[in-house]
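What follows is a single structure, written as structure tokens, with notes after it.
The values are calculated or read from the model by the stated rules, or taken from the named source; none is laboratory data. Since we're looking at a predicted model, the values are computed, not measured. Methodologically, a virtual Cβ is constructed for each residue, glycine included, from the backbone with ideal geometry; neighbour enumeration extends over all protein chains shown. Accessible surface areas use protein heavy atoms only, side chains included; no ligands, DNA or RNA. Shrake-Rupley method; radii C 1.70, N 1.55, O 1.52, S 1.80 Å.
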Amino acid sequence: RETMGYLPRCDLGVLLVEASSALGRDEIDLLRRLGDSGIDAQVVLSKADLVPAAERERVRAYFAHEIERALGRSVPVDLVSAIDAKMAKAWFGERIAPLISRAAELIAESANRKLAALQATTIGILRSLAEHAQRPAPGTSDEIDRLVLAIEGRLRTTGEHVDMLLSGLGDGADRVIRTAARKAHATGEDVHAAVIAALGEEADSVRHVLEADLTATRTGLRDLLHELSRVARIGLEPPEVRLDLVSEPVIAIPEAVSAADLSMPHWPAVERRLAARIDAALGGTIREVLTGYARELREWSERVLRDVGTQVAAYVEPCRALGHDAGSRGDNVAEDLAALEQM
């Protein structure tokens, strides 16, 4: 998430991949995102000392070929190693040092690439607006409005579902205590370990429901955007809505859970009494952990939905404009388009 947020200020992206691994979709997506943002990219294969010397060029060529096949363009690929410093020095001397001496020039080039990418996107939207201004599609504005409202409603409903789901997480403490007592009593498992496991299960159950809700929302939005594209005939493919599931928080178990005194010197360790002992020693801590985790999940999900809303709005707004005033704005659109194309 931090990497993606830094992209607008980035001039060069260096992607580090282990030489013994394979390129995954996340790596390809990041390289594509860099290219779409007008940012130069390099790939550095680390731990190259673990690759036999005779195989290193083949490995490098394989990565370069796979990247070019996936992106339709070549990206420099080099091998480095923290053990064999010569490879790292060679990469730095060949790829990085020359850039430092041309820093001002490269910064200007980077800015121009980013502006060109923005210009191309804006021109594409304006061309579509101009076409619709000349050939308005009567009778579509109501349908466009309906789809836009459905998209906005889907985002709003998901936010409400998330809020309802997380508002009850803090109330799961009693369930955690009962689960931990039952497991510890039935299996003889260490009570501390049973409490930690029960907390993890409670967090996982909520997290899985939350992820499923967000994923279903992405699927629903994708279908609505494709329908909006068909109706509005904007001429641009709807965006592939992305969900940032990577930065989803995980529950943090404080040291107090492992350090609590859960001994029962005078009671038989029956399940009911064991639950009472856990509640007396850790009930407050368990509730604080679950409440804090609910707060983190809520903040994270709000960020995710805001990001999704931004992605969707960038496509929805031109479609909405087409449905209402394409004809009346034709002259202004044409002027803006002509000015951009002459830049």
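Scanning the stretch 210-242 for residues that are open to solvent by 30 Å² or more (accessible area, probe 1.4 Å) and in contact (Cβ under 8 Å) with a residue 40 or more places away in the chain gives 213, 218, 224, 227, 233, 235, 236, 239, 242. Restricting attention to the stretch 56-93 and to residues that are of a type in the set (D, E, K, R) and assigned to a loop (DSSP other than H, G, I, E, B), the residue that is farthest from residue 41 (Cα to Cα) turns out to be 84. Among the residues of the stretch 38-54, those that are out of contact with any Lys or Arg (no Cβ under 7 Å at 6 or more places or on another chain) and either within 18 Å of residue 91 (Cα to Cα) or open to solvent by less than 40 Å² (accessible area, probe 1.4 Å) (or both) comprise 39, 40, 41, 43, 44, 46, 47, 49, 50, 51, 53.
Inside the stretch 255-271, can you point out the residues that are surrounded by fewer than 12 Cβ atoms within 10 Å (Cβ to Cβ) and either at pLDDT 85 or above or under 22 Å from residue 201 (Cβ atoms) (or both)? Once the filter is applied, which keeps residues that are surrounded by fewer than 12 Cβ atoms within 10 Å (Cβ to Cβ) and either at pLDDT 85 or above or under 22 Å from residue 201 (Cβ atoms) (or both), the stretch 255-271 yields 255, 259, 261. Whether any residue in the stretch 175-195 is buried (at least 18 other Cβ atoms within 10 Å of the Cβ), aliphatic (A, V, I, L, M) and either outside any helix (DSSP H, G or I) or in contact with a Cys (Cβ under 6 Å, 6 or more places away or on another chain) (or both) is what I want to check. Within the stretch 175-195, not a single residue is buried (at least 18 other Cβ atoms within 10 Å of the Cβ), aliphatic (A, V, I, L, M) and either outside any helix (DSSP H, G or I) or in contact with a Cys (Cβ under 6 Å, 6 or more places away or on another chain) (or both). Within the set 298, 287, 273, the sole residue that is free of Cβ contacts under 8 Å to residues at least 24 places away in the same chain and outside any loop (DSSP other than H, G, I, E, B) turns out to be 273.
A Cβ distance below 7 Å, combined with a sequence gap of six or more or placement on separate chains, defines the contacts here; from the stretch 1-28, residues that are among the small types (Gly, Ala, Ser) and open to solvent by 50 Å² or more (accessible area, probe 1.4 Å) reach residues that are modelled with pLDDT of 65 or more and outside any loop (DSSP other than H, G, I, E, B) in the pairs 20/50. Condition (residue is among the β-branched types (Val, Ile, Thr) and either over 22 Å from residue 246 (Cα atoms) or in a helix (DSSP H, G or I) (or both)) applied to the stretch 11-24: is it met by at least one residue? No, there is no match, as no residue in the stretch 11-24 is among the β-branched types (Val, Ile, Thr) and either over 22 Å from residue 246 (Cα atoms) or in a helix (DSSP H, G or I) (or both). Among the listed residues 72, 35, identify the single one that is under 28 Å from residue 305 (Cβ atoms) and either surrounded by 13 or more Cβ atoms within 10 Å (Cβ to Cβ) or within 28 Å of the chain's Cα centre (by Cα) (or both). Only one candidate passes the filter, namely 35. For residue 276, the conditions (1) small (Gly, Ala, Ser); (2) modelled with pLDDT of 85 or more; (3) under 24 Å from the mean Cα position of the chain (by Cα) all hold with the exception of (3).
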